[in-house]
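Undergrad: Below is the structure I would like to discuss, written out as structure tokens.
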Amino acid sequence: MSDYERFIQSKAKLDKPSGHNPTTDMSHLFDFQQAIVKWAIRRGRAAIFADTGLGKTAMQLTWAHDVAKHTGGNVLIIAPLCVAQQTVQEGRKFGIDVHYCRDQSSIMHGLNITNYEMIDRFDFASFAGVVLDESSILKNQTGKTRTALIESCAVIPYRLSCTATPSPNDFMELGNQSEFIGAMSMVEMLAMFFTHDGGNTSKWRLKGHGKTRFWEWLATWAMVIKKPSDIGYNDDRYILPKLHTYEHCVSVHHDMEDSDTLFPMEAVGLLDRNRARKSSIDDRVAECANMVNASDDQWVIWCHMNEESEKLEKAITGSVAVAGSDSIDQKEHRIMDFTDGRVRVLITKPSIAGFGMNWQHCHSMAFVGLSDSYEQFYQAIRRCWRFGQNSEVHVHVVVAETEGAVLSNIRRKERQAQQMGDEMIAHLRKFEKKEVSGMSRSKSDYKRDIASGDGWTIHLGDCVDVARDMDDGSVGYTVFSPPFASLYTYSNSDRDMGNCDCDDTFNAQFRFLVDELFRITAPGRLVSFHCMNLPTSKVRDGHIGIKDFRGDLIRMFIDAGFIYASEVCIWKDPVTAMQRTKALGLLHKTIRKDSSMSRMGIPDYVVTMRKPGENKNPISHGDDLPVSLWQKYASPVWDDINPSNTLNKNVARDEDDERHICPLQLDVIERCMHLWSTPGDVVFSPFSGIGSEGYVALRMGRRFIGAELKRSYWAVAQKNLALAEKDQMPLLAVANQ
């Protein structure tokens, strides 16, 4: 394998395993659970996003037990309140000892578990492994707990993140999970796979050509399943019982003397909705109490406000309330009393007990207060409606007639989340099956092809490979526009030089081409590249400014042995650039707010490098280059270039292309080729696109060799070159000329 092939393989963004082969007996786990745990142990740093009831507790305990056994060190499990106590009980069922602790001094050898409220009491560097149970706590990207966990756990070699299927449209949460695991930082993930349209940076979407690569990358460190069949196993044990949801709409007393309306009006905004909830507390509490007091079942009552909780506890016989103001000991004692059946009715908030608890013994619940959070509503219901529940589950939602469409809004979010979740699983399924089975990943689909005509050849393939097949000193002139660092804009191939995660990666790959260009260029002859300096962004670079891309390229060519020979600046309309990019520095509102953030437009450049040595085939000009024309060519600024004088790019665009292809203007190519090549020369373009350089070369009596990696562009280039060969104006081309 060549150095270049090894480099291409190194570009694949697949988080490499850092674990070991498991040795623990896993007979207490179901087949799909065993497959997931073995995969997670081999990974070393992994995430299990398994829906409620699929046995995350058993899986994480087995993982932690094996890590402790293998390393001889201690493992810390961090869980929500009371989930820790429940995990200790679950461990006894499987013969796995788990010690509940509240600070570093109470750590025992082996497996330990604590609550999120106590993480500041531990020395994380002393642990061989850590497990985050209900790791959706990482969702808040600016939260103190999220930051503390990511920073503190970075030193721990074995890390496992466990939660129910994460929100499929919350890519920030996936970024935080990735950062905790150590697969990639959220900033890196967003810069690589995502883009945002317009100025709202909170609304990210996957790049068209980055979709497959993103899901493949995610599957290397996360297992996302809703049922065993998602990874190829049987679902017979995992069929949920029927769920019944009832809406109780409470009438509200309406005092016309204190109101501007004849009838009670439905709340519109959040403020009105909160008023409606507060004014209807007594009616909603009474409706719920009548229902629960008439039943002998165990109930969970979910509320939203403290006043609801206090009044419900007074109104419902045999009830216990758990409030945020209670001490940790009080919360644990009361919740475990309900869990063990010593309390018939538990009243609390989803934010307190809505995550992680297993309450299959209960099949009746009521919501007496609702927020607009679908996640809290869903998680609260799944405490009882989960795999292992033997009864049909009944959920009662008590709302005031004035509260507005709270439930319908949650239902809408539920349908949306279900659809997105199904799409997420569909994308991941084939990759996850390979991961759990230990199958090797298929290699990138890279196939070369070639097309030719009278005086031209265009290769479908990597330009470095194409250049390596060319003879020393065989090229008279090379002209091209290199790709800019813009991941998955035009393809998802690792051979695409635009698909580089950082400047160093691009420079390393581009240098392979520069070295080949030096070898194949005839002594004394030239290489011209068209480029621009690149704007930076806060997400990708940490600041807003300009990157000296042109200078980086010049220095690279000089290091390879070329001489920096010439340069021309091409004027570009800043208004057009502003409208197209919405760049902060070009917006007029920026100078009104703070002109220290404003900047000028970014021009294009054509930089020309010369290979040392004697040019044995001089390029002489007579009447074809009079003084008046030479003076125009010799100007350091070309301000008369028509930006629309290009071959037609639209026919080559793929559906997933994030940007329109940007072919080099024909008059730029013509001037360069006129000045620095002679009829009969071989002209080379390593990034041929739709064939612009070749089209001009053939029309000017030169021969042409081109390379293009993307098949759709290569196909259009063939047509343009065939027409140029016949000295015809392309039927597909010259737009707006």
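Undergrad: Scan segment 62-79 and give yes if some residue there is closer than 26 Å to Gly324 by Cα and surrounded by fewer than 22 Cβ atoms within 10 Å (Cβ to Cβ), otherwise no.
TA: Looking through segment 62-79, none of the residues is closer than 26 Å to Gly324 by Cα and surrounded by fewer than 22 Cβ atoms within 10 Å (Cβ to Cβ).
Per-residue answers, yes or no, for (1) assigned by TED's automatic domain parsing to the domain that holds Ala183; (2) touching a helix residue (DSSP H, G or I) at 6+ places or on another chain (Cβ under 7 Å); (3) buried (at least 19 other Cβ atoms within 10 Å of the Cβ); (4) not polar (S, T, N, Q):
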position	(1), (2), (3), (4)
Ser106	yes, no, no, no
Leu111	yes, yes, yes, yes
Thr114	yes, yes, yes, no
Glu117	yes, yes, no, yes
Phe124	yes, yes, no, yes
Val130	yes, yes, yes, yes
Leu138	yes, yes, yes, yes
Thr145	yes, yes, no, no
Ala148	yes, yes, no, yes
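Undergrad: Can you tell me how many residues in segment 1-25 are among the β-branched types (Val, Ile, Thr), under 28 Å from the mean Cα position of the chain (by Cα) and farther than 20 Å from Asn492 by Cα?
TA: Counting residues in segment 1-25 that are among the β-branched types (Val, Ile, Thr), under 28 Å from the mean Cα position of the chain (by Cα) and farther than 20 Å from Asn492 by Cα gives 0.
Undergrad: Determine the pairs where a residue that is touching a residue at least 24 places away in the same chain (Cβ under 8 Å), located within segment 183-196, has a partner that is in a strand (DSSP E or B) and among the charged types (D, E, K, R) with Cβ atoms under 8 Å apart, the partner being 6 or more residues away or on another chain.
TA: Ala183/Arg45; Thr195/Arg205
Undergrad: Step by step: first the residues of segment 238-254, then only those that are in contact with a Phe, Trp or Tyr (Cβ under 7 Å, 6 or more places away or on another chain) and modelled with pLDDT under 90, then the one that is nearest to Leu132 (Cα to Cα). Which residue is that?
TA: Filtering first and then ranking leaves Tyr238.
Undergrad: Separate question: Please give the number of the condition Ala565 fails out of (1) free of Cβ contacts under 8 Å to residues at least 12 places away in the same chain; (2) touching a Leu at 6+ places or on another chain (Cβ under 9 Å); (3) hydrophobic (A, V, I, L, M, F, W, C).
TA: The one condition Ala565 does not meet is (1).
Undergrad: Separate question: What number of residues within segment 37-51 satisfy the criterion of being under 15 Å from Ser229 (Cα atoms) and either in contact with a helix residue (DSSP H, G or I) (Cβ under 6 Å, 6 or more places away or on another chain) or among the hydroxyl-bearing types (Ser, Thr, Tyr) (or both)?
TA: Residues in segment 37-51 being under 15 Å from Ser229 (Cα atoms) and either in contact with a helix residue (DSSP H, G or I) (Cβ under 6 Å, 6 or more places away or on another chain) or among the hydroxyl-bearing types (Ser, Thr, Tyr) (or both): 1 in total.
Undergrad: If you go through segment 561-584 one residue at a time, do you hit one that is surrounded by 16 or more Cβ atoms within 10 Å (Cβ to Cβ), of a type in the set (A, V, I, L, M), under 33 Å from the mean Cα position of the chain (by Cα) and assigned to a loop (DSSP other than H, G, I, E, B)?
TA: Yes; the residues of segment 561-584 include at least one that is surrounded by 16 or more Cβ atoms within 10 Å (Cβ to Cβ), of a type in the set (A, V, I, L, M), under 33 Å from the mean Cα position of the chain (by Cα) and assigned to a loop (DSSP other than H, G, I, E, B).
For (1) surrounded by fewer than 22 Cβ atoms within 10 Å (Cβ to Cβ); (2) part of a loop (DSSP other than H, G, I, E, B); (3) not polar (S, T, N, Q), each residue gets a yes or a no:
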| position | (1), (2), (3) |
| --- | --- |
| Asp326 | yes, yes, yes |
| Glu332 | yes, no, yes |
| Asp337 | yes, no, yes |
| Leu346 | no, no, yes |
| Gly356 | no, yes, yes |
| Asp372 | yes, yes, yes |
| Phe387 | yes, yes, yes |
| Ser391 | yes, yes, no |
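Undergrad: Could you run through segment 9-36 and say how many residues are crowded, with 21+ Cβ neighbours inside 10 Å and closer than 22 Å to Glu216 by Cβ?
TA: Residues in segment 9-36 being crowded, with 21+ Cβ neighbours inside 10 Å and closer than 22 Å to Glu216 by Cβ: 4 in total.
Undergrad: Which members of segment 312-338 meet the condition of being in contact with a strand residue (DSSP E or B) (Cβ under 6 Å, 6 or more places away or on another chain) and free of Cβ contacts under 8 Å to residues at least 24 places away in the same chain?
TA: Hit for segment 312-338 is Arg334, nothing else.
This table checks each residue for (1) at pLDDT 95 or above; (2) touching a Phe, Trp or Tyr at 6+ places or on another chain (Cβ under 8 Å); (3) among the basic types (Lys, Arg); (4) surrounded by 15 or more Cβ atoms within 10 Å (Cβ to Cβ).
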site	(1), (2), (3), (4)
Asn645	no, no, no, yes
Ala652	no, yes, no, yes
Leu675	yes, yes, no, yes
Val683	yes, yes, no, yes
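Undergrad: Quickly run through segment 607-636 and pick out the residues that are touching a strand residue (DSSP E or B) at 6+ places or on another chain (Cβ under 8 Å) and within 20 Å of Val527 (Cβ to Cβ).
TA: Within segment 607-636, Val607, Thr608, Met609, Arg610, Lys611, Pro612, Gly613, Glu614, Asn615, Lys616, Asn617, Pro636 qualify.
Undergrad: For segment 119-225, list the strands (runs of 3 or more DSSP E) that sit wholly inside it and hold at least 2 residues that are of a type outside the set (Lys, Arg) and at pLDDT below 80; which are they?
TA: none
Undergrad: Quick test of your reading of the structure: Val398 fulfils all but one of (1) over 31 Å from the mean Cα position of the chain (by Cα); (2) not assigned by TED's automatic domain parsing to the domain that holds Val250. Name the failing condition by number.
TA: (2)
Undergrad: Within segment 601-632, count every residue that is touching a residue at least 24 places away in the same chain (Cβ under 8 Å), over 23 Å from Phe557 (Cα atoms) and either among the acidic types (Asp, Glu) or not in a loop (DSSP other than H, G, I, E, B) (or both).
TA: 1
Undergrad: May I ask you to verify whether Lys547 is touching a residue at least 60 places away in the same chain (Cβ under 8 Å), within 30 Å of Trp676 (Cα to Cα) and either surrounded by 12 or more Cβ atoms within 10 Å (Cβ to Cβ) or among the charged types (D, E, K, R) (or both)?
TA: For Lys547, the condition - touching a residue at least 60 places away in the same chain (Cβ under 8 Å), within 30 Å of Trp676 (Cα to Cα) and either surrounded by 12 or more Cβ atoms within 10 Å (Cβ to Cβ) or among the charged types (D, E, K, R) (or both) - is not met.
The values are calculated or read from the model by the stated rules, or taken from the named source; none is laboratory data. For clarity, every value in this text was computed on a predicted model and none was experimentally measured. Glycine also receives a Cβ, built like all others from the backbone with ideal geometry; neighbour counts cover every protein chain displayed.
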